[in-house]
1. Which residue is farthest from DNA strand D (Cβ to nearest atom), if the candidates are limited to region A:36-75 and must be in a loop (DSSP other than H, G, I, E, B) and in contact with a strand residue (DSSP E or B) (Cβ under 6 Å, 6 or more places away or on another chain)?
2. Grab the helices (runs of 4 or more DSSP H) fully contained in region B:80-134, keeping just those with 2 or more residues being away from chain A (no Cβ under 11 Å).
3. Just to be sure I understand the filter: pairs with C-beta atoms under 6 Å, separated by 6 or more residues or on different chains, first member in region B:32-50 and more than 16 Å from B:Val82 (Cα to Cα) and facing another protein chain (nearest Cβ under 9 Å), second member at pLDDT 95 or above and within 13 Å of DNA strand D (Cβ to nearest atom). Which pairs pass?
4. Within region B:1-16, take every residue that is within 15 Å of DNA strand D (Cβ to nearest atom) and modelled with pLDDT of 95 or more and give me the one that is farthest from the other protein chains (Cβ to nearest Cβ).
5. Taking region A:48-102 as the region of interest, how many residues are over 23 Å from B:Arg106 (Cα atoms) and hydrophobic (A, V, I, L, M, F, W, C)?
6. Out of the residues in region A:20-35 that are in a helix (DSSP H, G or I) and within 12 Å of DNA strand D (Cβ to nearest atom), which is surrounded by the most Cβ atoms within 10 Å (Cβ to Cβ)?
7. For region B:17-31, name all the residues that are more than 8 Å from chain A (Cβ to nearest Cβ) and either touching a Cys at 6+ places or on another chain (Cβ under 7 Å) or not aromatic (Phe, Trp, Tyr) (or both).
8. Which residues, counting only those in region B:87-114, are touching an Asp or Glu at 6+ places or on another chain (Cβ under 6 Å) and within 20 Å of A:Asp92 (Cβ to Cβ)?
Number of protein chains: 2
Amino acid sequence: MKRKKKIEFRSECPISTALDIFGDKWSLLIIRDLMFNEKKTYGEFLDSEEKIATNILADRLLLLESTGIISKQKHPDSKAKVLYQLTVKGIDLIPVMVEIILWSERHHEVHPYAKQFAKMMKKNKEGMLKKIRNKLIVVID
Amino acid sequence: MKRKKKIEFRSECPISTALDIFGDKWSLLIIRDLMFNEKKTYGEFLDSEEKIATNILADRLLLLESTGIISKQKHPDSKAKVLYQLTVKGIDLIPVMVEIILWSERHHEVHPYAKQFAKMMKKNKEGMLKKIRNKLIVVID
DNA sequence: CAAATTACTTGCAATTTGCAAGTAATTTTT
DNA sequence: AAAAATTACTTGCAAATTGCAAGTAATTTG
């Protein structure tokens, strides 16, 4: 499984461009784990509830890196590990992710934590957004 | 090309659930055309800039209908036409779509209208959201 | 220093996509 | 009123992508 060198943008429509990057069933789940679940390594992404296949994970990490949404760093604990993190471009996806969560919570049966999340968002959206962002701010891109 | 009767939800995570519905390269483009481009018929969806294949379009319209995001109505002008429209659940995707547009505009080269859109959003987001919503409000679901 | 762990690759089979060419029911044109 | 367009799809098939199981190579642990 080798991925295309360059991703092709189908048009200059902002929605289309975004979908060219993360329009699939898995990319936003990796971003979710980085953004909300403090996951940082290949192994941690692998053991999600949705059971992403290891080759797909490798492919998507490459894609997200090549589109500037995540970056690889040295893991402080071990040479055998790789630390993945969101770049600023990735962190900027917070409002997208939050609105997806709020929509899904409103229209589907989801985990209780999502209902809690929606309630807190209703109280103070700006504050919550900043709080999430502050937790992710990072030195190197 | 026959589609699976039922879509399978991989987990109760709100992001995952949303992706099970619209996590592909085309669904949100149909929603975009309904939401922002006043498109309403099969033929209109077909002639987008991104050139969706006709079998894929048929498949996605069915999927969006079965998940309650769009609905089919009689076309007032002709029996040969079908009128598609967003349901309330579909209209509720406005904030998701808007945040995707804003993110994409911020990080990519996109159509000039998107820059204009971003500028207006910055001025008065709540007002804009309401305006978009009002244009879509509909009698039958 | 042998067994785990970590981050991937590789080899297929199965599914999905994309393209070209129908088809069936209207609607328009002549 | 027949013939030609239009509209909303379907069908067949090749090509691409996904998903599963089984490696591999470099650390790290017992």
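1. Within region A:36-75, the subset in a loop (DSSP other than H, G, I, E, B) is A:37-41, A:47-53, A:67-69, A:75.
After this cut, where a residue has to be in contact with a strand residue (DSSP E or B) (Cβ under 6 Å, 6 or more places away or on another chain) as well, the list is A:40, A:75.
Numbers: A:Lys40: 15, A:His75: 8 Å.
Only one residue tops the list, namely A:Lys40.
2. Values: elements: B:88-91, B:94-107, B:112-123.
Because the criterion is at least 2 residues that are away from chain A (no Cβ under 11 Å), the helices (runs of 4 or more DSSP H) in region B:80-134 that meet it are B:112-123.
3. B:Glu50/A:Arg10
4. Pass one, region B:1-16, residues within 15 Å of DNA strand D (Cβ to nearest atom): B:1-5, B:7-11, B:16.
Subset that is modelled with pLDDT of 95 or more: B:9-11, B:16.
On the way: B:Phe9: 8, B:Arg10: 4, B:Ser11: 4, B:Ser16: 6 Å.
The residue in question is B:Phe9.
5. Qualifying residue count for the region: 8.
6. Of region A:20-35, the ones in a helix (DSSP H, G or I) are A:20-22, A:27-35.
Now narrow it down to the ones that are within 12 Å of DNA strand D (Cβ to nearest atom): A:20, A:22, A:27, A:29.
Details: A:Asp20: 19, A:Phe22: 22, A:Ser27: 22, A:Leu29: 26.
Within region A:20-35, the match that is surrounded by the most Cβ atoms within 10 Å (Cβ to Cβ) is A:Leu29.
7. B:Ile21, B:Ser27, B:Ile30, B:Ile31
8. Within region B:87-114, B:Pro95, B:Val96, B:Glu99, B:Trp103, B:Val110, B:His111, B:Ala114 qualify.
The values are calculated or read from the model by the stated rules, or taken from the named source; none is laboratory data. Quantities reported herein were computed from a predicted structural model and do not represent experimental measurements. Backbone-built Cβ (ideal geometry, glycine too); neighbour counts: all protein chains shown.
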